[in-house]
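**Student:** Sharing a structure here in structure tokens format.
Readers should treat all values here as calculations from the given coordinates under stated rules, not as data from a laboratory. Please read these numbers as outputs of a predicted model, since none were measured by experiment. Positions of Cβ are backbone-derived with ideal geometry, glycine not excepted, and every protein chain shown enters the neighbour counts.
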Amino acid sequence: MAAPVFPGLVMSAPIRLAKYLSHAGVCSRRGASRLIDAGRVTVNGRAANHIDHVSDQDEICLDGQRIDGLAPKLYYAYHKPVGIDCKLKTEDPSSLVHHLPPEQRTYPIGRLDKDSRGLLILTNDGELCNRLAHPDHSHEKEYWVEVDKPLDKAFFSRMSAGVPVDGTLTRPCVCTALSATRFKIILTQGLNRQIRKMARYCGYRVVDLLRVRIGQLHLDLTRLAENQFTELTTEEVNLLKK
């Protein structure tokens, strides 16, 4: 039996399975590849593989549950508090999965570690996720950070020029003072716990980390309280897509 077709979302030709799963709002393309590798996806009753090309005429299942057609695109801003883990694990009570919008499956663009807070984009738009997350596109992310002792000029010089993190020299970035112990940093890459590791290399410990901007989308602290989400306007979505 063919999957239902949503008006305006009919495919003209089959596409790669990972792209289909992304368009259907299941996860990003990278996440889809991991699901395929894990054997959790089937196509027309058989185990899926990465070279499969599919359309809405195929029966595509994840963990035995059918994926019915292409989902309408959803976009939310979420103000993540400290203590919520961005890994979507239902068995973990601290997981972000328990705080996502209930209408339809979405996933975060640009994770924040459990000890950090601030702006997350929640969406089922896999193409947007790929564009914003891919390192080649160099999208800016801005953070306000507090450390455990007063900052000096050497700190800003080192951070701005790039420091070793996990065997990689971080890209040059903008790093400026906000106060004696607080600074603003604008990154165009997203290494694991990057800011914390950069600060540690320079002899400082991060005590608070707040992301205030992704691309041209800013976190409005007066509009969005911690642990709340709001649907993005068309204008805001277009800013992210530029």
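**Student:** Can you tell me the dipole magnitude for the range 140-214 around its Cα centre, using point charges on the Cβ only (Lys, Arg +1; Asp, Glu -1), in Debye to the nearest 20?
**Tutor:** 60
**Student:** Need one number: nm distance between label points at D220 and T233, each 7 Å from Cα along Cα→Cβ, rounded to one decimal.
**Tutor:** 0.6
**Student:** Under 1.5 on a/c is rounded, so check that first for the range 110-165, then, if it is not, pick prolate when a/b is larger than b/c and oblate when it is not; a ≥ b ≥ c are the square roots of the alpha carbon gyration tensor eigenvalues.
**Tutor:** Working: a/c = 3.39, a/b = 1.78, b/c = 1.90.
Since a/c reaches 1.5 but b/c is at least a/b, the shape of the range 110-165 is classed as oblate.
**Student:** With just the Cα atoms of the range 140-214, tell me how far they stretch along each of the three principal axes, in Å, largest first.
**Tutor:** Taking max minus min along each principal axis of the Cα atoms, the range 140-214 gives 28, 25, 18 Å.
**Student:** Still on this structure: In the chain, what % of DSSP beta bridges are antiparallel (nearest 5)?
**Tutor:** Details: 42 of 45 bridges.
Roughly 95 percent of the DSSP beta bridges within the chain come out antiparallel.
**Student:** Continuing with this model, one more query. Give, rounded to the nearest 20 debye, the magnitude of the charge dipole that the range 15-66 has about its Cα centre when Lys and Arg contribute +1 at Cβ and Asp and Glu contribute -1 at Cβ.
**Tutor:** Values: 8 positive and 6 negative charges, 48 e Å.
It works out to roughly 240 debye.
**Student:** Also: List the lysines whose Cα lies under 16 Å from the Cα of K242, skipping any in the same chain that are fewer than 8 positions away.
**Tutor:** K141
**Student:** Still on this structure, I have one more. Using r as the Cβ-Cβ distance of R46 and V82, and R0 as 45 Å, what FRET efficiency do you calculate, to the nearest 0.05? Before the final figure, lay out each step's value.
**Tutor:** Values: r = 44 Å, r/R0 = 0.99.
About 0.50, to the nearest 0.05.
**Student:** Among W144, V165, H79, whose Cα lies farthest out toward the positive end of the dipole of the chain, if unit charges sit on the beta carbon of Lys, Arg (+1) and Asp, Glu (-1)?
**Tutor:** Farthest towards the positive end: V165.
**Student:** From the square roots a ≥ b ≥ c of the eigenvalues of the alpha-carbon gyration tensor of the range 187-242, which class results: rounded (a/c under 1.5), prolate (a/b over b/c), or oblate?
**Tutor:** Oblate is the answer for the range 187-242, as a/c is 1.5 or above yet b/c matches or exceeds a/b.
**Student:** Below 13 Å, Cα to Cα, which aspartates and glutamates can K73 reach? Residues fewer than 8 away in the same chain don't count.
**Tutor:** Cross-link targets: E103, D125, E127, E231.
**Student:** How large is the dipole of the chain about the Cα centre if only Lys and Arg carry +1 and Asp and Glu carry -1, each at its Cβ, rounded to the nearest 20 debye?
**Tutor:** Roughly 900 debye, rounded to the nearest 20.
**Student:** Report ³J(HN,Hα) in whole Hz for each residue of the range 214-230, in order, from the Karplus equation J = 6.51 cos²θ - 1.76 cosθ + 1.60 where θ = phi - 60°; Gly and Pro get x.
**Tutor:** 10, x, 9, 9, 9, 7, 8, 5, 7, 9, 10, 6, 4, 6, 10, 10, 9
**Student:** While we're on this one: Which order do the peptides 144-155, 28-39 come out in when sorted by mean C-beta neighbours inside 10 angstrom, highest first? Let's see the in-between values first.
**Tutor:** Details: 144-155: 15.1, 28-39: 16.8.
Most protected by this proxy first, the peptides run 28-39, 144-155.
**Student:** Now for a separate question. Residue farthest toward the positive end of the dipole of the range 15-66, with Cβ of Lys/Arg at +1 and Asp/Glu at -1: which of A32, G64, V54?
**Tutor:** Checking the options against the dipole of the range 15-66, the answer is A32.
**Student:** Quick one: give the max-minus-min coordinate of the C-alpha atoms of the chain along each principal axis, largest first, in Å.
**Tutor:** 66, 39, 36
**Student:** What's the exposure ranking of C129, C86, going from fewest to most Cβ atoms within 10 Å?
**Tutor:** On the way: C129 22, C86 17.
Taking fewest neighbouring Cβ atoms as first place, the list is C86, C129.
**Student:** Over every pair of different alpha-carbon atoms in the range 15-66, take the mean of 1/r and invert it; report that Kirkwood radius in Å.
**Tutor:** Answer for the range 15-66: a Kirkwood hydrodynamic radius of 10.5 Å.
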